[in-house]
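The structure under discussion appears below in the form of structure tokens.
The values are calculated or read from the model by the stated rules, or taken from the named source; none is laboratory data. Since the structure is predicted, the reported quantities are computational estimates derived from the model, not experimental observations. Here the Cβ is made from the backbone with ideal geometry for all residues, glycine too, and neighbour counts use every protein chain on show.
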Amino acid sequence: MNDMFARVMFLRRGYKPSQVDEFFTQARSAYERPAVSDTGMSSFDVSQAAFDLAYRGYACDAVDAALDRLEAAFATRTRDQHVRAHGQQGWMELLAQRAQVLYPRLRRPAGQRFGQPRGLRRGYDARQVDTLLDRLVGFFDSGQPLTAADLREATFKRRGNRGAYDERTVDAYLSRAADILQGAQ
């Protein structure tokens, strides 16, 4: 059997090949369908893909780069199909509608936009997350430059419970926001 991606060196860990192969097989099948449907795969589904690590697994950088390309392809396909059916104005209205869901959290005071990590867990530095969210507000309110990649590639220092936001909640929110920004590109 041929590997889809290069594998990491001996005694190193990469993404578990069986999981990656299965995901990309499903993604190919979904993409080859003639139309995007609610039951098919979307760019958001691709952005949420996660794989376990295994020794001699696939090189993470190569898989991540392929996921980025696949996500962009699904986003472009969705946009193109929507524009054909409803026009460019319809697409922009849909994006605006989806962005409205993000606004309540953006309007919260800095330091209170997300919950704190539970128990002894660490989380993302709240000030750094708030700075990125302020850039998102600038994008929505006044068209300041911000890309989906800016959101996806953002990294934050980890802190103890105080002054930190729950990582999973922040990740899910930023993934949704990146999906909307991807559609606007």
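What the table shows:
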quantity	calculated
Hey, Gln112 assigned by TED's automatic domain parsing to the domain that holds Ala154 and more than 17 Å from the chain's Cα centre (by Cα) or not	yes
Given (1) over 17 Å from Gln48 (Cα atoms); (2) in contact (Cβ under 8 Å) with a residue 40 or more places away in the chain; (3) not assigned by TED's automatic domain parsing to the domain that holds Ala65, index of the condition Leu174 fails	(1)
Boolean, Asp130 is within 16 Å of Tyr165 (Cβ to Cβ), surrounded by fewer than 17 Cβ atoms within 10 Å (Cβ to Cβ), in contact (Cβ under 8 Å) with a residue 12 or more places away in the chain and not hydroxyl-bearing (Ser, Thr, Tyr)	no
Enumeration of residues in the stretch 129-143 that are modelled with pLDDT under 90 and either in a loop (DSSP other than H, G, I, E, B) or under 15 Å from the mean Cα position of the chain (by Cα) (or both)	Gly143
Residues being part of a helix (DSSP H, G or I) and without any contact (Cβ under 8 Å) to a residue 40 or more places away in the chain - total across the stretch 95-113	6
Within the stretch 78-94, tally of residues that are surrounded by fewer than 16 Cβ atoms within 10 Å (Cβ to Cβ) and either under 30 Å from Thr25 (Cα atoms) or outside the structural domain of Gln48 (by TED's automatic domain parsing) (or both)	5
Leading residue by the ranking (farthest from Gln182 (Cα to Cα)) among those in the stretch 11-67 that are in contact with a strand residue (DSSP E or B) (Cβ under 8 Å, 6 or more places away or on another chain) and loosely packed, with under 12 Cβ neighbours inside 10 Å	Leu11
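Here is a yes/no grid of residues against (1) under 25 Å from Met41 (Cα atoms); (2) in a helix (DSSP H, G or I):
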site	(1), (2)
Met92	yes, yes
Gly115	no, no
Leu120	no, no
Arg127	no, yes
Ala178	yes, yes
